[in-house]
Amino acid sequence: MIAHPLNKLGLMCILLFMLGAGSNAASADVVLVAASNNPIDELETRQVRSLYKGRLTSINGKQLTPLNAVPGSVERNQFLASMMELNELDYTGYWHVRRYSGQGTPPKEVESTAELFTILKQQPDGIGYLWIPSGTKPKLPDGLKIIKIK
């Protein structure tokens, strides 16, 4: 069986958009999530970009390992557009060049929100993202927290 790139959260966001809850790009937000025991509580946008481009691996001496949604998913498309200011083709091309020149590999990809949550609970230095409708607070399982973007 082939897994569809849209997970339950992605489908919920599309349904909310179709029902009028997302009439423009400002009606949804990308939020960063990590294990509750991760010492990082806040990141600057430039730091997030550097983490997901492999140019930065730690903040204040604390290792961070970024996790990416799979290509084509709503979460990844929104993250690339709003946070990275890139599209999939540009981001993938960026990583092809880095990999070819021996400058690293792209962040590990996760198939679903459930997989992201599981990995973050097991990997305290992990960081991931969710795409949620604006004005709503994501319901995170115990052991996870939101990292503020400043």
Legend entry - Conditions (1) touching a Leu at 6+ places or on another chain (Cβ under 7 Å); (2) at pLDDT below 95; (3) surrounded by fewer than 17 Cβ atoms within 10 Å (Cβ to Cβ): number failed by ILE119: (2)
Legend entry - Filter pass, ILE132 being open to solvent by 60 Å² or more (accessible area, probe 1.4 Å), modelled with pLDDT under 95, of a type in the set (A, V, I, L, M, F, W, C) and in contact with a strand residue (DSSP E or B) (Cβ under 8 Å, 6 or more places away or on another chain): no
Legend entry - Output for the stretch 103-115, where each listed residue is open to solvent by less than 50 Å² (accessible area, probe 1.4 Å), in contact with a strand residue (DSSP E or B) (Cβ under 7 Å, 6 or more places away or on another chain) and more than 16 Å from VAL48 (Cβ to Cβ): VAL110, THR113
Legend entry - Close pairs from the stretch 130-150: first of a type in the set (S, T, N, Q), partner in a loop (DSSP other than H, G, I, E, B) and open to solvent by 40 Å² or more (accessible area, probe 1.4 Å), Cβ under 8 Å, at least 6 apart: none
Legend entry - When residues of the stretch 46-64 are limited to those that are open to solvent by 40 Å² or more (accessible area, probe 1.4 Å) and either part of a helix (DSSP H, G or I) or in contact with a strand residue (DSSP E or B) (Cβ under 8 Å, 6 or more places away or on another chain) (or both), the one farthest from GLU85 (Cα to Cα): THR57
Legend entry - Checking LEU80 against (1) buried (at least 16 other Cβ atoms within 10 Å of the Cβ); (2) on the phi < 0 side of the Ramachandran plot; (3) in a loop (DSSP other than H, G, I, E, B), the condition it does not meet: (3)
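The values are calculated or read from the model by the stated rules, or taken from the named source; none is laboratory data. Remember, it's a predicted structure, so these values are computed and weren't measured experimentally. In this analysis, Cβ positions are derived from the backbone assuming ideal geometry, glycine residues included, and neighbour counts consider all displayed protein chains. These area figures cover heavy atoms from the full protein model, side chains too; ligands, DNA and RNA do not enter into them. Shrake-Rupley method; radii C 1.70, N 1.55, O 1.52, S 1.80 Å.
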